[in-house]
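First the structure, in the form of structure tokens, and then the observations on it.
The values are calculated or read from the model by the stated rules, or taken from the named source; none is laboratory data. This structure is a prediction, so every number in the text was calculated from the model and none was measured. Here the Cβ positions follow ideal geometry from the backbone for every residue, glycine too, while neighbour counts run over all protein chains shown. Surface accessibility is based on the protein's heavy atoms, side chains included, excluding ligands, DNA and RNA. Shrake-Rupley method; radii C 1.70, N 1.55, O 1.52, S 1.80 Å.
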Amino acid sequence: MKPVIAITMGDAAGIGAEIIVKALKHERVYHTCSPIVVGDAKMLERGMKLDPSPVQIQKIANISEATPQHGVISCLDLDLLPADLPYGKVSAVAGDAAYRYIEKAIDLAVSQKVDAICTAPISKEAIRMAGYNYPGHTEILASLTGTEDFSMMVSTPKLKV
């Protein structure tokens, strides 16, 4: 069995949906994992328009409905955002949705319905506008999992921070 990875959509007014669509159009992704996007299906569809790809969005209400496969992006559709959410505009509604995508992914991981979480970019300003006082993903993940001792690590083949 391949690991199931919950991918949070990030800030839908930003590049999250576009990045996810670009990444998940590659067949090699599906050789190593079963990705499931946690976000808004309509925002992924909008992201597809920016990068026309021969993929379909599978809108699901429950993680057990997912059938991730090359050419089909499974999206646990939380349906939190208006279809006309403007690109590039920082907003509390987009910040709240980004936070709630992370919150849902954590719930899925803690309940062992997914094996790991991958996060698309968030707007820290939008998160704050929505009333969440966190510097970024790391602190949100720590707070929602009750983790007191944590740090962020970045690793590339030539650099580890």
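In segment 76-90, the residues that are free of Cβ contacts under 8 Å to residues at least 40 places away in the same chain reach residues that are outside any loop (DSSP other than H, G, I, E, B) and surrounded by 11 or more Cβ atoms within 10 Å (Cβ to Cβ) with C-beta atoms within less than 6 angstrom, at least six apart or across chains, in these pairs: Asp77/Ala41; Asp77/Lys59.
Residues that are of a type in the set (A, V, I, L, M, F, W, C), assigned to a helix (DSSP H, G or I) and without any contact (Cβ under 8 Å) to a residue 40 or more places away in the chain within segment 49-66 comprise just one, Leu50.
Only one of the listed residues (Ala105, Ala109, Ala98, Ala126) is under 17 Å from Ile19 (Cα atoms), modelled with pLDDT of 95 or more and either β-branched (Val, Ile, Thr) or open to solvent by less than 60 Å² (accessible area, probe 1.4 Å) (or both). That residue is Ala98. If you check Ile63 against the conditions, is it of a type in the set (Val, Ile, Thr) and in contact with a Ser or Thr (Cβ under 7 Å, 6 or more places away or on another chain)? Against the criterion (of a type in the set (Val, Ile, Thr) and in contact with a Ser or Thr (Cβ under 7 Å, 6 or more places away or on another chain)), Ile63 does not qualify. Can you pull out every residue in segment 93-124 that is assigned to a loop (DSSP other than H, G, I, E, B) and either in contact with a strand residue (DSSP E or B) (Cβ under 8 Å, 6 or more places away or on another chain) or β-branched (Val, Ile, Thr) (or both)? Listed by number, the residues that qualify are Lys113, Val114, Asp115, Ala120, Ile122. If you go through segment 90-145 and keep only what is of a type in the set (A, V, I, L, M) and in contact with a His (Cβ under 8 Å, 6 or more places away or on another chain), you end up with Ile102, Ile122.
Scanning segment 64-89 for residues that are within 19 Å of Cys33 (Cβ to Cβ) and aliphatic (A, V, I, L, M) yields a count of 4.
Yes/no per residue for (1) among the small types (Gly, Ala, Ser); (2) under 26 Å from Thr32 (Cα atoms):
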{"site": "Pro54", "(1), (2)": "no, yes"}
{"site": "Lys59", "(1), (2)": "no, yes"}
{"site": "Ser91", "(1), (2)": "yes, no"}
{"site": "Tyr99", "(1), (2)": "no, no"}
{"site": "Ile102", "(1), (2)": "no, yes"}
{"site": "Ala116", "(1), (2)": "yes, yes"}
{"site": "Lys124", "(1), (2)": "no, no"}
{"site": "Asn133", "(1), (2)": "no, no"}
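Selection of first residues in segment 126-144 that are part of a helix (DSSP H, G or I) and of second residues that are acidic (Asp, Glu) and open to solvent by less than 30 Å² (accessible area, probe 1.4 Å), restricted to Cβ pairs under 7 Å at least 6 apart or on distinct chains, gives the following pairs, ordered by first then second residue: Ala126/Asp11.
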